[in-house]
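Have a look at the structure below, then the notes.
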Amino acid sequence: MMPQMAESRGARRSGARRSGAIGAVLLGLAVCQTSSWAETRLVDERFGVIMFLPEWDGGGIPKIKEIGAGIVRGGCSWDALEPSRGQFQWDCSDDWVGKAGQNQLRLYFGIGCTPGWANGGQGCNVMPTAWRDWYELVAAFITRYSSANVVLGFYNEPNLNGIDPENACRLFSVASEARNSVNPAFIIGGPETSWHAAIRSSYYNTAIDCMLPFMSSQDIVAVHYYLDAPVDMLGYTDVVNATAKGHGVWLTEAGPNGYDSVDVYRQAYAYATMLSQFIDSGRSWLTHIFFYRLWDGMPCCTGAILNADYTNKPAARTYHSRVHGLSGAGARDTLAPGSTLAPGQAIDSANGRYQVLYQSDGDLVLYENSTGKTLWASHTAGRSPGQAIMERGGNFVIYDANGNQLWVSQTDGNPGAFAVVQDNGIFTVNRLDSYPLWWTCCHVGVTYDPRMITKD
């Protein structure tokens, strides 16, 4: 038998579970514990990631679910879908659409690269000799996927790839005509330009002015933004929206500049900055953002937010925290700014192995779930319990029922900080960019180097 103290703790934990009170508390809203992380995850399709097919079969899907993203961007070349005129091969697009659907994700699907048979072998970014070929491809695609949760885009960043704005417009207008002949309600997006097209040239204005007569009310203006732009993200999207004529604006590709990807905490801070601007923008027309990219298999210093082994970089944790910190969101492992734990409530690590429980005796305890072993405790039992709160100024504090402070993390002065139970069994208070400010210490096999512990 376990010692009496362990039995008592176990009984308190079991009672909390039976009461249905255990769960993550975000913005004061409790979410009851369920049997799996996937069941408690938030799916918010305003937030997306760019990924590639190998990530579906690797560790990408659990991480998308962990972040809370509800939409992914990917695609196939025209040649892969139609290797010769009128001979359609749907394996590539079926893979994308099928896997997105199986995982309850919306898909922004891009087609690009003109095949040699359609333009005399002049290269990917030379338009088809006969525009009817493009029309037939789009019509066939929309016919096949009319009932799927898919948005169609095409020809990535034409302004940087030698496609003039008139041809960028024609890609859209012909696609619109094909769509209208098959399913007028299907959504398409464009012109898929980089920030340079709106800030450093008239390319965007020329293309969008030409496209607008062919855009249905549900169609979207799709553009890209990186932090190397000379204006901030909201200033850029204001320029885009000025000529969008009421259409929703999607940032279908966004990310830090290259220098910010070298240092993982600079990368996370860039994510925090862009997410804060997006979430708090007050711009109802700015509806979606996709970050480049989820995973690339590289061990270091790239724009991916996952390491080569699919563990989190700090940017992934920041993305997760900001998405799940929205009103009404439920994240099992995180206390967002302003969130509280009442007696009997808890948060669990994403892998379900560890739990931080605010017990009815007033003690806050970190447990290993499989053994009931105590890994850390606040030693605040014996006072009438009040609440444990992740304060908006950065402190994590335990109060008694009379509002007296019993324990504090001493991390004030860091607005946006959040608390998280990590998959390695360490409970941390992290800065907005996921840099750890305070952490529990220590148990066998776990490092507590503050620059390492955010790696799950």
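The values are calculated or read from the model by the stated rules, or taken from the named source; none is laboratory data. What you see is a predicted model; the values in this text were computed from it and never measured. In this analysis, Cβ positions are derived from the backbone assuming ideal geometry, glycine residues included, and neighbour counts consider all displayed protein chains.
Within region 227-269, the set of residues being out of contact with any His (no Cβ under 7 Å at 6 or more places or on another chain), in contact (Cβ under 8 Å) with a residue 40 or more places away in the chain and not in a helix (DSSP H, G or I) comprises L227, D232, A244, G248, G255, P256. Restricting region 47-98 to residues that are β-branched (V, I, T) and over 30 Å from N119 (Cβ atoms) leaves a set whose member that is surrounded by the most Cβ atoms within 10 Å (Cβ to Cβ) is I67.
Look at (1) under 29 Å from Q267 (Cβ atoms); (2) among the β-branched types (V, I, T); (3) buried (at least 22 other Cβ atoms within 10 Å of the Cβ) and you find that I199 fails only one, number (3). When region 256-301 is filtered for residues that are β-branched (V, I, T), at pLDDT 95 or above and buried (at least 19 other Cβ atoms within 10 Å of the Cβ), only I289 remains. Quick check on my filter: what residues within region 207-264 are in contact with a strand residue (DSSP E or B) (Cβ under 8 Å, 6 or more places away or on another chain) and of a type in the set (V, I, T)? If the condition is that a residue be in contact with a strand residue (DSSP E or B) (Cβ under 8 Å, 6 or more places away or on another chain) and of a type in the set (V, I, T), then I208, I220, V221, V223, T237, V240, V249, T252 are the ones that fit. Scanning region 238-289 for residues that are among the acidic types (D, E) and more than 30 Å from N307 (Cα to Cα) yields a single hit, D238. Annotation note: of G425, G413, the sole residue that is in the same structural domain as G344 (by TED's automatic domain parsing), at pLDDT 95 or above and either touching a Lys or Arg at 6+ places or on another chain (Cβ under 9 Å) or not in a strand (DSSP E or B) (or both) is G413. Scanning region 77-129 for residues that are farther than 22 Å from F52 by Cβ and among the charged types (D, E, K, R) turns up just one, R85.
Of D280, D363, which residue is without any contact (Cβ under 8 Å) to a residue 24 or more places away in the chain and in contact with a strand residue (DSSP E or B) (Cβ under 6 Å, 6 or more places away or on another chain)?
Just a single option satisfies the conditions, and that option is D363.
Out of curiosity, is Q387 surrounded by fewer than 20 Cβ atoms within 10 Å (Cβ to Cβ), among the polar types (S, T, N, Q), not in a loop (DSSP other than H, G, I, E, B) and not assigned by TED's automatic domain parsing to the domain that holds S261? Considered against the rule, which asks whether it is surrounded by fewer than 20 Cβ atoms within 10 Å (Cβ to Cβ), among the polar types (S, T, N, Q), not in a loop (DSSP other than H, G, I, E, B) and not assigned by TED's automatic domain parsing to the domain that holds S261, Q387 comes out as yes.
Each residue in region 128-148 was checked for being under 19 Å from L105 (Cβ atoms) and surrounded by fewer than 15 Cβ atoms within 10 Å (Cβ to Cβ), and 2 pass. Out of the residues in region 390-419 meeting the condition of being buried (at least 20 other Cβ atoms within 10 Å of the Cβ) and of a type in the set (F, W, Y), tell me which one is farthest from S339 (Cα to Cα). Ranking the candidates gives Y399 first. Taken over region 275-291, residues that are outside any strand (DSSP E or B) and touching a Phe, Trp or Tyr at 6+ places or on another chain (Cβ under 8 Å) amount to 1. Across region 223-235, the qualifying residues are those that are of a type outside the set (D, E) and within 21 Å of the chain's Cα centre (by Cα), and the one among them that is surrounded by the most Cβ atoms within 10 Å (Cβ to Cβ) is V223. Residues in region 399-409: is at least one outside any loop (DSSP other than H, G, I, E, B), among the aromatic types (F, W, Y) and under 19 Å from T380 (Cα atoms)? The answer is yes; a qualifying residue exists. In region 364-400, of all residues being among the acidic types (D, E) and at pLDDT 95 or above, the one that is nearest to L432 (Cα to Cα) corresponds to E391.
Within this structure, A118 passes the test of being assigned to a helix (DSSP H, G or I), over 30 Å from K63 (Cβ atoms) and in contact with a Pro (Cβ under 6 Å, 6 or more places away or on another chain).
For region 395-438, a residue qualifies if it is among the hydroxyl-bearing types (S, T, Y) and more than 20 Å from Y269 (Cβ to Cβ), and the qualifying residues are Y399, S409.
Of the helices (runs of 4 or more DSSP H) contained entirely in region 43-103, those carrying at least 1 residues that are among the acidic types (D, E) and within 18 Å of the chain's Cα centre (by Cα) fall at 53-57, 60-67. The sole residue among A242, A308, A315 that is surrounded by 16 or more Cβ atoms within 10 Å (Cβ to Cβ) and among the small types (G, A, S) is A315.
The residue that is farthest from the chain's Cα centre (by Cα), among those in region 184-206 that are within 23 Å of I142 (Cα to Cα) and of a type in the set (G, A, S), is A185.
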